[in-house]
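The values are calculated or read from the model by the stated rules, or taken from the named source; none is laboratory data. Remember, predicted model here, so these are calculated numbers, not experimental data. For neighbour counting, all protein chains shown are included, and Cβ atoms are generated from backbone atoms with ideal geometry for every residue, glycine included. Areas reflect the complete protein model, heavy atoms only, side chains present, ligands, DNA and RNA absent. Shrake-Rupley method; radii C 1.70, N 1.55, O 1.52, S 1.80 Å.
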Amino acid sequence: MTDPSPRRRPRLPFSPWHLLLAPLALLFAVPLLWLGLSSVMSDAEINRFPPALWPSGIHLGGYRFVLGNAMFPRWFANSLIVSAVAVVSNLMLGTLGGYAFARMRFGGSRVLLVLMLATMAIPFQLTMIPTFLVMRKLGLVDTLGALIVPSLVTPFAVFLLRQFFLSLPRELEEAAWIDGCSRLRVLFQIVVPLSRPALSTVAVLTFLTTWNDLSWPLIALNHDANYTLQLGLTTFRGQHHTQWSAVMAGNVITVLPVLLAFLAAQKTFVRSITSTGLKG
């Protein structure tokens, strides 16, 4: 006599995708792990061939050199100021621009949207000289303003927020208009609170891009007092001698804010990526 109840397959306590994603995550984590281990090695261990896989002891000479550098706090503050202003301005201006393209119809809106998206395909190497000339005309060369002004708003922020606004139901806004709300009041009291995933994504990506930028500060800045953290770390690499322990320690300190920002907005980041692709 056969058992009428079907046999249940044993279920894993986690998703089967984890069997593939866990090894990939470990693979991508290897460089970060190596960076952390190298930061507590001595220069002799780092320069050894074949390289040491594990430090013989905890050597904090690199951290002492970095934190004892008189300019390091200034570089950290410069990077923080530029990144914070870029994040706030992209959230504000990107929200206004994205909402205008998503909900307002005006002459040439489609053409402007296409032209804006086309600028995303232009490599930075083609625009850095015109940007530098504009900054020189404005008198911003060798100041933090030269780093802030080109980053006030990006086409990516406008486009990402536009895509998210298109996924929101119009009925909520129409109900507010019937109650007498202005368009700006609808935007900031109804649309913006519902757009936290997209806003978090814009904030994280803007912070990541601005914080890690090296090429533009290298062109726009001359004096070390105005250096950002990424540009300041290049001074630890000399022509004949490089203090690799200091370079590794400085990179660890530089990576920490980026990791904290991403971990804080991880869930909303994923929600935004899955939502912005619903409508074109």
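Every residue, every condition in (1) out of contact with any Lys or Arg (no Cβ under 8 Å at 6 or more places or on another chain); (2) more than 25 Å from L208 (Cα to Cα); (3) surrounded by fewer than 18 Cβ atoms within 10 Å (Cβ to Cβ); (4) not acidic (D, E), yes or no:
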| residue | (1), (2), (3), (4) |
| --- | --- |
| G57 | yes, yes, yes, yes |
| L60 | yes, yes, yes, yes |
| Y63 | yes, no, no, yes |
| L67 | yes, no, yes, yes |
| M71 | yes, no, yes, yes |
| W75 | yes, no, no, yes |
| L80 | yes, no, yes, yes |
| S83 | yes, no, no, yes |
| G98 | no, no, no, yes |
Select from the range 194-204 the residues that are in a helix (DSSP H, G or I) and open to solvent by less than 50 Å² (accessible area, probe 1.4 Å) and list them in ascending order. P197, A198, L199, S200, T201, V202, A203, V204
Quick one: which of G139, G180, G145 is out of contact with any strand residue (DSSP E or B) (no Cβ under 6 Å at 6 or more places or on another chain), modelled with pLDDT of 90 or more and at positive phi? G139
Checking the structure you have, find out if any residue of the range 125-136 is under 18 Å from H223 (Cβ atoms) and open to solvent by 30 Å² or more (accessible area, probe 1.4 Å). yes
Return yes when R74 is without any contact (Cβ under 8 Å) to a residue 40 or more places away in the chain and basic (K, R) and no when it is not. no
Go through the range 137-193 and tell me which helices (runs of 4 or more DSSP H), entirely inside it, have 2 or more residues that are under 13 Å from A102 (Cα atoms). 155-167, 170-178
Does R110 fit the bill of being open to solvent by 50 Å² or more (accessible area, probe 1.4 Å), farther than 30 Å from W75 by Cβ, modelled with pLDDT under 90 and more than 20 Å from the chain's Cα centre (by Cα)? yes
Give me the residue from the range 8-47 that is open to solvent by less than 80 Å² (accessible area, probe 1.4 Å) and in a loop (DSSP other than H, G, I, E, B) and, out of that set, modelled with the lowest pLDDT. S15
For the range 160-169, name all the residues that are more than 26 Å from S79 (Cβ to Cβ) and either surrounded by 14 or more Cβ atoms within 10 Å (Cβ to Cβ) or at pLDDT below 85 (or both). R162, Q163, F164, F165, L166, S167, L168
Do you know which of the residues in the range 208-220 that are open to solvent by 30 Å² or more (accessible area, probe 1.4 Å) and within 16 Å of A77 (Cα to Cα) is farthest from the chain's Cα centre (by Cα)? L214
So T143 passes all but one of these: (1) open to solvent by 20 Å² or more (accessible area, probe 1.4 Å); (2) among the polar types (S, T, N, Q); (3) closer than 30 Å to L37 by Cβ; (4) within 25 Å of the chain's Cα centre (by Cα). Which condition number does it fail? (3)
So which of R105, R110 ends up being at negative phi and in a helix (DSSP H, G or I)? R110
Can you run down the residue pairs with Cβ atoms below 8 Å, 6 or more apart or on separate chains, where the first is in the range 110-132 and of a type in the set (V, I, T) and the partner is in a helix (DSSP H, G or I)? T119/P155; T131/P150; T131/W216
Just one of the numbered conditions (1) open to solvent by 60 Å² or more (accessible area, probe 1.4 Å); (2) under 23 Å from V192 (Cβ atoms); (3) touching a helix residue (DSSP H, G or I) at 6+ places or on another chain (Cβ under 8 Å) is not true of E174; which one? (3)
